[in-house]
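Worksheet for the structure shown next.
The values are calculated or read from the model by the stated rules, or taken from the named source; none is laboratory data. No experiment lies behind these values; they were computed from the predicted model shown. When we count neighbours, we look across all protein chains shown, and the Cβ atoms used for this are built from the backbone with ideal geometry, even at glycine.
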Amino acid sequence: MAGKTLVAYFSASGTTARVAQQVAGAVGADTYEIVADPRYTAADLDWQNKRSRSSLEMNDESCRPAIAGALPDMSGYDVVLLGFPIWWYKEPRIVDTFIEGIDLSGKRVVPFATSGGSGIGGAESHMKGLCPDALWQSGRLLNGGDAAAWARSVCA
């Protein structure tokens, strides 16, 4: 593995967190959890309610939810594995807050996502637009048990 790796992830329900820990463990990476301030409640995550927090955020392209705590110092990392659930066919807006709040210029960024049925393509193209100076690599949905093998192949 060339350079130091960070696994940064947002997880609303714990599903992406479990995958992120498998990914980090497989490649010996540091982790950073993207935590919303305030945290999301079950009512906030009710995608069927058009007035829920997550629905309102995803319907507002400019929305950038606050992140609790300090963002990581990226100077020591060469690779970022960026994990999140798919919301409305792309990454949650809080992931946009993270991307725009740190310097990913020249760093290899590989997204991974969890999803009940949507692909990762919409998220990939959207994130590339937010930070075109990063070295984006194609990501993958990691819903099954192949997270560790995928991480080792990406970081080989």
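Is it the case that Ala8 is at pLDDT 95 or above, under 20 Å from Arg152 (Cβ atoms) and in contact with a strand residue (DSSP E or B) (Cβ under 6 Å, 6 or more places away or on another chain)? Taking the combined requirement at face value, the residue satisfies it. Just to verify a result, which residue in segment 14-44, among those that are surrounded by fewer than 17 Cβ atoms within 10 Å (Cβ to Cβ) and farther than 25 Å from Arg152 by Cα, is nearest to the chain's Cα centre (by Cα)? In this case the residue turns out to be Val35. On the given criteria, is Asn59 among the polar types (S, T, N, Q) and at pLDDT below 95? No: the conditions fail for Asn59.
Screening Asn59 against (1) of a type outside the set (A, V, I, L, M, F, W, C); (2) within 19 Å of Arg93 (Cβ to Cβ); (3) buried (at least 20 other Cβ atoms within 10 Å of the Cβ) leaves a single unmet condition, (3). Just to verify a result, which residue in segment 68-120, among those that are more than 14 Å from the chain's Cα centre (by Cα) and of a type in the set (S, T, N, Q), is nearest to Gly139 (Cα to Cα)? That would be Ser118. On the stretch given as segment 71-103, residues that are buried (at least 20 other Cβ atoms within 10 Å of the Cβ), touching an Asp or Glu at 6+ places or on another chain (Cβ under 7 Å) and among the hydrophobic types (A, V, I, L, M, F, W, C) total 1. Just so you know, in segment 61-81 the residues that are in contact (Cβ under 8 Å) with a residue 24 or more places away in the chain and assigned to a helix (DSSP H, G or I) include one that is nearest to Asp46 (Cα to Cα), and it is Met74. Scanning segment 82-104 for any residue that is part of a helix (DSSP H, G or I), over 22 Å from Gln21 (Cα atoms) and of a type in the set (S, T, N, Q) turns up nothing.
Of the residues in segment 105-123, how many are in a helix (DSSP H, G or I) and either in contact (Cβ under 8 Å) with a residue 40 or more places away in the chain or surrounded by fewer than 18 Cβ atoms within 10 Å (Cβ to Cβ) (or both)? Selection size over segment 105-123: 2. Scanning segment 130-156 for residues that are in a helix (DSSP H, G or I) and under 15 Å from the mean Cα position of the chain (by Cα), we see that the one that is surrounded by the most Cβ atoms within 10 Å (Cβ to Cβ) is Ala151. Pairs meeting the criteria (first residue in segment 1-24 and farther than 19 Å from Asp78 by Cα, second residue part of a strand (DSSP E or B) and of a type in the set (Gly, Ala, Ser), beta carbons under 7 Å, at least 6 apart or on different chains) are Thr16/Gly83; Val19/Gly83. Annotation note: of Ala113, Ala70, the sole residue that is at pLDDT 95 or above, small (Gly, Ala, Ser) and touching a strand residue (DSSP E or B) at 6+ places or on another chain (Cβ under 6 Å) is Ala113.
Given (1) in contact with a Gly (Cβ under 7 Å, 6 or more places away or on another chain); (2) farther than 15 Å from Lys4 by Cα, where does Val79 come up short, assuming only one miss? That leaves (2) as the condition not met.
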